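Heads up, the thing below is written out as structure tokens.
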Amino acid sequence: MASSCSQALKQHVCKSSTILRVHLQKSWPKRSFVLNSAADQQPAVSSPEEIVIPKKKTWSKEAVLQALASTVSRDPTASDYRLQDDPYLTPKTSSEFKLFSLSQESGKNAAKYFINTYPKYFQKDYAQPHIPCLMPETLEAQIEEVSEAALIERIHMRKVKAAVDLYDQLQQAGTPVSLDVTNQLLDLICFYGDSDPAQENVPEQRNEETEDVQDEPQTKKGRASKASDQLKAAWKENNNAERIFALLSEPNTHSYSALIRGMVKYGAYSKAFSTYTDLLNNRLKADVNTFNALITAAPEVKEKYNEKWELIVDLLKELAEQKIKPNLLTLNGVLKALRRCGTLGKSQAFPVLSEMKALSIDPSLASYNHLLGIFYKPGAPFLGQTDILQEVMNEVSGKSFTPQDPDDAQFFITAVRICLDTKDIEQAYSVHELLGVGENWRLLGNDLQQNIYYARFFSLLCMMENIDVMLKWYRDLVPSVYYPSSNIMRDLLQALDTDNRLDLIPQIWKDIKQLGHANRQKLVEDLLTLMAREKQDQEVQESFAECALDIKKMYDTGDRGKVIMSWTATSLSDVISVLLAAQRRQDAWEILKLFKTHNRVPSEELLNKFLTCVTESGEVNHAVELVQISAGFCLPETPKLIQRVQQEFQLSEQQKNILSDLEIQTFNSD
Amino acid sequence: MYRRLLININQVRNRFIHTHNTRLTLPSTKCKERESFAPVTSSTSLSEDKGKTPEENEVNAEVNTDGQRNTEMNEGTDISNATLTSQLETEPEVKPEDSKQLEKTKSGKESLLELLGAMKVEVTTVRKIRPSKTPRTSERPDQEPMESTHSMFQRAAAEGSQQHGTLSSALVAAVSAAASTLPNRHQAESELLKQLRKHEAIPDTQRRADLGHIIANMKVGKRPNGRSNVRPTSQIRFDDDGKGYTQDRGITSELDGVRRRKSPFTSKRLNLFAAGAEQDTLSDLGPTLWDIDLANQIVQATNQMPRNGFEEMIQWTKEDKLWQYPINNEAGLEEEASVPFHEHVFLEKHLDESFPQQGPVRHFMELVITGLAKNHHLMVQQKKEHIDWFRDYFRQKEDVLKEAEA
């Protein structure tokens, strides 16, 4: 699995290089042709700016497609685009969805694996012009001799061990390696923590690195992917990076930067700071990346809140002294560190933001996410802090954000969590509105995060919104973007209950069945209780009865590998009361028999109700049988039932006998 | 549940706001009202005139409980309508779009408006609605009709040639007084006067016809959901980001305007960095491994799944899997782009002295280069190689050719 992960990583390289380009060119004015920008452009009659009409407009290669894509809006009745290949396979439940997307991804990876493992079979190049990314990648080093070119090649192929070996050979041969190449090598070693990146065709390499791991107690709250990287590698004392670094006669900023970043990445925080002191002693300047790494390490090396903060301020001061311009990641790093500075964070967060604004660094969503994280600790009470979210939403609303920080994707989840905690539906709407602006939907993150977001949004809706509005959202979101869990469905039922729209239950039940929650006992029991609780008008009652029978089927056919639901007394009596209310005595009668087969005891109330119903129809046999059943369970109510039957029915001689027998029996047992 | 609770809170809050408004805003409204309300009647009421009736109805419905206010309200609008029409007839040199600046010149109108403003102050609950409507008509989706009227006005102004009429001295004095309130005094004054002269020049009848034309052509933009309970606080939002907030905001937004002024986002900074310290941080070595990793992390954190076919095509285009738009036949032939066409077509120069000047070989080679000239599949280099091959071939067969006396 790890191998396929790395494969996926490699796949992303070409994608990410475009992002990188976007990063580098961000300062350029927007030239790309976007359709909705036409709507935004106000007729600039009053503005004093000169309009320069370009002689020729060069379109970017995606411009046409972007314009076309902007004309397509989401279809709430269709499933997600990537699931549309085959209608038969379109997932209907969240587990099916997971299965589908995983198999899609792994199919791609498998194809890639075969192409790269057996490149000789994939040499035919049909494409004209040539498409490099469809051709097999060269995974074996081409240059065999010991030279700097070979070293560069190995660095580009990210073969850490091979590159280190080659470097050693070059050193032994006395061939000088240029500083740039050495720095690149250092980058490579530090980045992968002196171990080869897991690759699919060298699976045995994974077992080697477990020895001699210098353990440093760390709290890893990072993402799972990152954690798996760090799991096997911590920064080792005197590893290749440090050794090669020590060999350098005149290490420059880049060398130090690589070393410090590697140390921070692999948890050797205090070591990173001592390396930084070395750097200062050598009268070198650090670069902004070094500082970013150190700022993330700062909360790890100090204990007290104010010490942490002082260290960060010191770092920032040195940054200013060395006349280095901080970037967005610096800002986000500081804010992230402030999250771990307790109450100090609340007082310092906004000055940090203002500082960055003064330096014309626009905060990204990650900055706002950290800000929210500082002010709203999960689990802590909210005392008059609602306005911070309000402020943040004022700042961000209507803006379209580009992904600039890996933490950007956390914002929406955090924001909607706060809305849920503070029960602020208006704010949740504005968060959701923000999600619809521009490319912001990309920042909602991966499937898991999307699911969390929609679950929170939805339970807030269930709690706060009236049922019509809520159902509108429900129809809009389910199941095209969101597969609700059974808990959310229970919330939905509660909302139906609150707004007295129980007549919608049969509809919801259909959805529940489709979403694969029909075997969740708790949900089904809730549903039955709701249906049985009150008497509805005839039509609704009829549909309830159908629904109840459908539910009964779910109990019967639960044996196909699914979790089997077991009848409880309440669920049985709920089904019966629903059926009785719909005048379906025959069906109810059959359910009544299930009490016996499943060893459950019916309540007296139910039997009384049943008897009333039987009385209405005047079926004497059923009445007597009912009494017999009641006697069979030895219910204390039995004498009363017998009395009722004797009074309300015209009994035959034989029936009278049966009843009197039963009377004697119960009398005796008492 | 929570919803019920909220409703309760809402009610209490509304009550609170009403009292709050009457108490707090009364002293200040009088002067504010004149400024904000006056342009309303003169500049946009043209468009409002038609749209007014339904809105008024809403307004009336809102204050139904209070009969007296209701009538006052009607009076107010009636008067404003009357004023407007009378102004249009009696003082036609006033173009509605300019009246903001010229307002002070019309003393009669001013006093009327003052009267109106004073009336409005009494009707607090109703008044709230009016000023909030004006920015909406000029900023919100009704942009289009308003724009068109503007341009029409401009056209009307342009028609009135460059005749410089004389203006009454009182008017000039008033203009300069008005201009003195503006920051750029002299410019404003001269502009105002110029504008006035223009209108002086336009004959009365033509202007009236123009106005009639304009009014006839005017479309009244109305908000799709004509909600009338937009509060002045939300108006601040409209001003700031031009975005519509159709929903009723929670209690927090009530105090928006107050809080906005002391927003923590504008709080003091740390003052560690000098603002102008620009430094080129881009390394010349191109993206390092770390940069690529950062980009990778961002890609993985965000949702890169295409939402429709076009987005998938964009993705493919970025990966260079798809033919690029705009369609170019020569995509992928970048090195050929620098080769001019005659290199492809006129290949005689390659038939140099190594070929015989005449005879069957020469004839054959001429046919070959004609064929090559028409071949668009080969690059110039390949064509040359083709010819070179024949050169070698004939050189090898030289003796055979000599024997045959070719």
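Here is how the numbers come out for the structure above:
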item: Failed item in (1) in contact with a Gly (Cβ under 6 Å, 6 or more places away or on another chain); (2) within 14 Å of chain B (Cβ to nearest Cβ), with A:Thr290 passing the rest; result: (1)
item: Residue tally, condition more than 8 Å from chain B (Cβ to nearest Cβ), assigned to a loop (DSSP other than H, G, I, E, B) and basic (Lys, Arg), over the stretch A:317-338; result: 0
item: Candidates A:Ala366, A:Ala409, A:Ala380, A:Ala337 - the one that is more than 22 Å from A:Tyr429 (Cα to Cα) and either touching a strand residue (DSSP E or B) at 6+ places or on another chain (Cβ under 8 Å) or modelled with pLDDT of 85 or more (or both); result: A:Ala337
item: Those helices (runs of 4 or more DSSP H) lying entirely in the stretch A:589-660 with at least 2 residues out of contact with any Lys or Arg (no Cβ under 9 Å at 6 or more places or on another chain) and at pLDDT below 85; result: A:620-632, A:638-648
item: Candidates A:Glu605, A:Glu616, A:Glu653 - the one that is under 22 Å from A:Leu530 (Cα atoms) and loosely packed, with under 15 Cβ neighbours inside 10 Å; result: A:Glu605
item: Search result, residues across the stretch A:116-145 that are more than 14 Å from every other protein chain (Cβ to nearest Cβ), part of a helix (DSSP H, G or I) and surrounded by 10 or more Cβ atoms within 10 Å (Cβ to Cβ); result: A:Asn116, A:Thr117, A:Pro119, A:Tyr121, A:Phe122
item: Number of positions in the stretch A:158-173 that are surrounded by fewer than 16 Cβ atoms within 10 Å (Cβ to Cβ) and within 16 Å of A:Asp187 (Cα to Cα); result: 1
item: Complete set of residues in the stretch A:612-644 that are under 17 Å from A:Lys656 (Cβ atoms) and of a type in the set (Asp, Glu); result: A:Glu619, A:Glu625
item: Filter result for A:Leu65 (within 10 Å of another protein chain (Cβ to nearest Cβ), modelled with pLDDT of 85 or more and either touching a Ser or Thr at 6+ places or on another chain (Cβ under 8 Å) or surrounded by fewer than 16 Cβ atoms within 10 Å (Cβ to Cβ) (or both)); result: yes
item: Wholly enclosed helices (runs of 4 or more DSSP H) of the stretch B:283-394 bearing at least 3 residues closer than 30 Å to A:Ser480 by Cβ and either touching a Cys at 6+ places or on another chain (Cβ under 7 Å) or more than 7 Å from every other protein chain (Cβ to nearest Cβ) (or both); result: B:309-318
item: Residue that is farthest from the chain's Cα centre (by Cα), among those in the stretch A:148-192 that are without any contact (Cβ under 8 Å) to a residue 12 or more places away in the chain and over 15 Å from B:Leu289 (Cβ atoms); result: A:Gly174
item: Selection within the stretch A:79-115 - polar (S, T, N, Q), surrounded by fewer than 16 Cβ atoms within 10 Å (Cβ to Cβ), in a loop (DSSP other than H, G, I, E, B) and more than 14 Å from chain B (Cβ to nearest Cβ); result: A:Thr93
item: For A:Phe544: the one exception among (1) modelled with pLDDT under 90; (2) part of a helix (DSSP H, G or I); (3) in contact with a helix residue (DSSP H, G or I) (Cβ under 6 Å, 6 or more places away or on another chain); result: (1)
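The values are calculated or read from the model by the stated rules, or taken from the named source; none is laboratory data. Bear in mind the structure is a predicted one, so any value in this text is a computation, not a measurement. FYI the Cβ positions are ideal-geometry reconstructions off the backbone, even for glycines, and counts take in every protein chain you see.
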